[in-house]
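Down below is the structure, laid out as structure tokens.
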Amino acid sequence: MRQFLRVAWLVVQKDLRVESRSFEVVSTTLFFSVTVVLIFAFGLVREGRPADDVAAAILWIALAFSGTLALGRTFERERQAETLRALLMAPADRPALYVGKLAGMLVLLVLIEAVLVPLIGLLFQAPILRYPWSLAGLLLAGTVGFSAVGTLFAAMLVRARSRDVLLPILLYPMTVPVMIMGVRGTAALFQATPDEPLARFCLAFLVFIDVVFVTLALWTFEPVMTD
Amino acid sequence: MTRVQQLQLALAGAMLAVAPWIIDGAPYESTMGLVQKIFYFHMPSAWLFLIAALVAGVASARFLFGRAPSADYWAVAAAEMAVVFGIITLVTGPLWARKAWGLWWVWDARLTSSLILWLIFVAYLLLRRFGGPGSDKLGAGMALFGLVNVPFIFVSVNVWRTLHPQTSVVPTLPVEMGAPLWFCLTAFLLLFLALMSMRAGLARQRARIEALYLSEEEA
């Protein structure tokens, strides 16, 4: 177990160090997510006022789009430098590599959320500070579910042809339950009369999905990544 | 084509040819009238859609964890069947719903989860077609995830009120309606079995040719 965590931690460290040298993925993904929110604003704002109850949906859609971009870029970098193959050749547990990549992805997406959430609060008048902990819980649980599937599929797609288009094609249908629960829970917190029990139910369900997705991904990562 | 497949195809063709008369003989449902008769094609295809998805999921798991190459042939064949029977379900459903509920589509648990499951299998086929080398394992992982996903989608949408009739109506159907339903289900099942085994045979032959080419190149 110590060995497992050590390998995962080393992978996280490696990813963060590579990222901190150029900030390529963080900066591009961040800018992309801001433009997505702005495009929604242009589509939905009428006479200077945003449409009602759209903030939660925009937040999660922007997150899904930027998450796909970040996943694609992160693994494209691994592919170009042939580092993923090197990682797989290392005498380390495959599931530990997966956990490391997943944790690195989570750090990245949480950074993006830290900018995205205030931006949505500002532009769409969403009460993001009303239930800060519930909102953070929903976002974190949703991000774990999304990245658990995303990391697995992005890693598998590294060797495939037309991987840029295949990643969203595979990822979006798979993460439908995460999106539905995330949007509904967040909307329950944002609406005029907040529905806390519903938000709590969504959070619990998201955690349940996370457990199943991560377990299944750990289980499939080994045979899928073996030639 | 084997003898069994020929027999299955011929039987399915004959049964589907007489099916309109049998469905015509069934009594009208009291509130929906004529449109309800689409049910005799809608439900068998929906069931086979789910069965195909299950077969694909189980075969993928066997391919991935049991390392049985032949399981992959069945997974591809079942995935194609899922897409075919899924599209029949998704076309006949809204046609019926337009008359029965006055809406083409509602976002109810059963409809949404069927749509997503269908999308997952379309994505699976796209992956198998355009993914290049290694897409067989990737696809297996995807089919497995897709299948596990279905209950989650179902629960997550189910909080909205549902309009779709429950499957529990099936055993309570009167004989005059039940008999045509089972007749159609048998016809669809025979068609499904014949097509799936033919498709799996095709996949097996492709793999064999591939292996022959490879051994020829090495020699």
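Descriptive notes on the structure:
- Any hit, region A:178-194, residues being more than 10 Å from chain B (Cβ to nearest Cβ), surrounded by fewer than 19 Cβ atoms within 10 Å (Cβ to Cβ) and among the hydroxyl-bearing types (Ser, Thr, Tyr): yes
- Flag for A:Leu59 being buried (at least 21 other Cβ atoms within 10 Å of the Cβ) and over 27 Å from A:Arg161 (Cβ atoms): yes
- So B:Gly57, is it surrounded by fewer than 21 Cβ atoms within 10 Å (Cβ to Cβ) and not aliphatic (A, V, I, L, M): no
- Complete set of residues in region B:120-159 that are among the charged types (D, E, K, R) and more than 8 Å from chain A (Cβ to nearest Cβ): B:Arg128, B:Arg129, B:Asp136
- Applying the criterion of at least 1 residues that are within 20 Å of A:Phe190 (Cα to Cα) to the helices (runs of 4 or more DSSP H) found wholly in region A:1-93 leaves A:24-44, A:55-80.
Per-residue answers, yes or no, for (1) touching a Gly at 6+ places or on another chain (Cβ under 8 Å); (2) under 16 Å from A:Ala57 (Cβ atoms):
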position: A:Met156; (1), (2): yes, no
position: A:Ala160; (1), (2): yes, no
position: A:Leu170; (1), (2): no, no
position: A:Met174; (1), (2): yes, no
position: A:Met181; (1), (2): yes, yes
position: A:Leu189; (1), (2): no, yes
position: A:Leu203; (1), (2): yes, no
position: A:Val214; (1), (2): no, no
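- Every condition in (1) open to solvent by 30 Å² or more (accessible area, probe 1.4 Å); (2) basic (Lys, Arg); (3) more than 14 Å from chain A (Cβ to nearest Cβ) is met by B:Arg67 except one, and the failing one is (3).
- Residue within region A:137-144 that is at the interface with chain B (Cβ under 10 Å from one of its Cβ atoms) and either assigned to a helix (DSSP H, G or I) or within 18 Å of B:Leu138 (Cβ to Cβ) (or both) present: no
The values are calculated or read from the model by the stated rules, or taken from the named source; none is laboratory data. Bear in mind the structure is a predicted one, so any value in this text is a computation, not a measurement. Virtual Cβ from ideal backbone geometry, glycine too; neighbours counted across all protein chains shown. What goes into the accessible areas is simple: the full protein's heavy atoms, side chains included, and nothing from ligands, DNA or RNA. Shrake-Rupley method; radii C 1.70, N 1.55, O 1.52, S 1.80 Å.
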